[in-house]
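The values are calculated or read from the model by the stated rules, or taken from the named source; none is laboratory data. Here the structure is a predicted model, which means the values were calculated and not measured. Please note: Cβ atoms are built from the backbone with ideal geometry, for glycine as well, and neighbour counts cover all protein chains shown. When the accessible area is computed, the model is the full protein with side chains, heavy atoms only, and any ligands, DNA or RNA have been set aside. Shrake-Rupley method; radii C 1.70, N 1.55, O 1.52, S 1.80 Å.
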Amino acid sequence: MRVTITDVAREAAVSKTTVSRVLNTRADVGSSTAARVREVIDSLGYVPSSGAVGLARGTSRTVAMLTPPLTWPWMGEVLQGVADSVEAAGYGLLLFTCNRGPDSVRHFASQVSARAFDGLLVIEPENTLDTITAMQRRGLPVVLIDDRGHHPDFPSVATTNHEGGASAARHLLASGRTRPLVITGRRDFGCVRDRLAGFLEVMPTDLITEGTFTEASGRHGVERTLVEGGARGGDFDCVFAHNDLIASGALRALRAAGRSVPEDVAVVGFDDIPMAQHTEPPLTTVRQPMRQMGETAARLLLARLGGETIPDEPVVLPTELIVRRSAPAH
């Protein structure tokens, strides 16, 4: 049986609060009492939980992270960045996902009410921003990662989606491409609108099809465009895909249609997830600094928990064009 703080308190003939104060090296415990509690801790082999250590402090030394389903392709990089910063600061990390829609949100809200954690990092699941904003206004420290263009009134970490789209267009123009097909993600995402606007400022086109950030939407976007015929169908020499999964689907559809990449059609993606190096050919893409975004958001939240004032305006990290064989430089 695991030794608990209750066992220590009973053996030392003190309250659990006194044990917690000793664990937190509080000065308001007499030296003889503190010595007795430490003796009992040593003799019982008690290992304090984060909750026990935080009892007198009024904190849990734990932060939470709320995310969409973990199947998002870049989620692992963000999580690793968060975990690195949180663990280095001696905090625990609770992970909540919205796999079950409203049921997941209700479960998460119950943990907020129970004060199971001190602050919250969010990669916004759909239809949760109002709930998260209300929690923040009631005093829960919140930092948002990738704000989808919603620009909430609390700290967030974003990336240069507009410049990322523009850099893809400049690269394609410099390599002699003039007739782009753009396959976007969902237009209700701010990052999609920003990537598209940045691209179109440099390389205007009306050959645009909306996708869903999936490999299938990349395949279908290319297939539909090739089948349309006329002035639009097939009359493109490059593809700008709004993420690497879309780009992967585009590569597959082009190969099936007998189009050579990059000789006939160049392809540029977005994100630089690990698979981008292993497509055929390897994918030119706009890298988002996903691990750095997680690290930065966690550091902001930890600073806020430490009593520092942090900015409400977004911290924006730069994107970087990574050139590989699907769209080489010329």
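Give just the number: which of (1) in a helix (DSSP H, G or I); (2) at pLDDT 95 or above does Thr178 not satisfy?
Here Thr178 clears every test but (1).
Within the set of pairs 6 or more residues apart or between chains, which connect a residue that is farther than 19 Å from Trp74 by Cβ inside the stretch 294-319 to a residue that is open to solvent by 70 Å² or more (accessible area, probe 1.4 Å) with Cβ atoms less than 8 Å apart?
Close Cβ pairs (under 8 Å, with a partner that is open to solvent by 70 Å² or more (accessible area, probe 1.4 Å)) amount to Ile310/Arg304; Asp312/Asp153.
Any idea which of (1) at pLDDT below 95; (2) assigned to a strand (DSSP E or B) is the one Gly269 doesn't satisfy?
(1)
Would you check which residues across the stretch 259-276 are touching a residue at least 60 places away in the same chain (Cβ under 8 Å), closer than 30 Å to Leu79 by Cα and either open to solvent by less than 30 Å² (accessible area, probe 1.4 Å) or among the hydroxyl-bearing types (Ser, Thr, Tyr) (or both) and list them?
Val267, Val268, Phe270, Asp271, Ile273
Go through the stretch 210-235 and give me each residue that's open to solvent by 20 Å² or more (accessible area, probe 1.4 Å), over 14 Å from Phe270 (Cα atoms), under 28 Å from the mean Cα position of the chain (by Cα) and of a type outside the set (Asp, Glu).
Ala216, Arg219, His220
Which residues, taken from the stretch 102-127, are more than 21 Å from Gly294 (Cα to Cα) and either acidic (Asp, Glu) or in a strand (DSSP E or B) (or both)?
Matches in the stretch 102-127: Asp103 only.
I'm checking my understanding of the structure. Among residues of the stretch 62-101 that are part of a helix (DSSP H, G or I) and not aliphatic (A, V, I, L, M), which one is surrounded by the fewest Cβ atoms within 10 Å (Cβ to Cβ)?
The selected residue is Glu87.
Taking the options Thr284, Thr279, Thr296, Thr319, name whichever one is open to solvent by less than 80 Å² (accessible area, probe 1.4 Å) and touching a Gly at 6+ places or on another chain (Cβ under 6 Å).
Criteria check complete, one pass: Thr319.
Hey, can you tell me all the residues within the stretch 110-134 that are free of Cβ contacts under 8 Å to residues at least 24 places away in the same chain and either farther than 24 Å from Ala83 by Cα or aliphatic (A, V, I, L, M) (or both)? Lay out the reasoning, then the answer.
Here is the first cut: in the stretch 110-134, the residues free of Cβ contacts under 8 Å to residues at least 24 places away in the same chain are 110, 113-114, 127, 129-130, 133-134.
If the condition is that a residue be free of Cβ contacts under 8 Å to residues at least 24 places away in the same chain and either farther than 24 Å from Ala83 by Cα or aliphatic (A, V, I, L, M) (or both), then Ala114, Asn127, Leu129, Asp130, Ala134 are the ones that fit.
Identify the residue in the stretch 236-258 that is small (Gly, Ala, Ser) and in a helix (DSSP H, G or I) and, among all such residues, is most open to solvent (accessible area, probe 1.4 Å).
Here the answer is Ala256.
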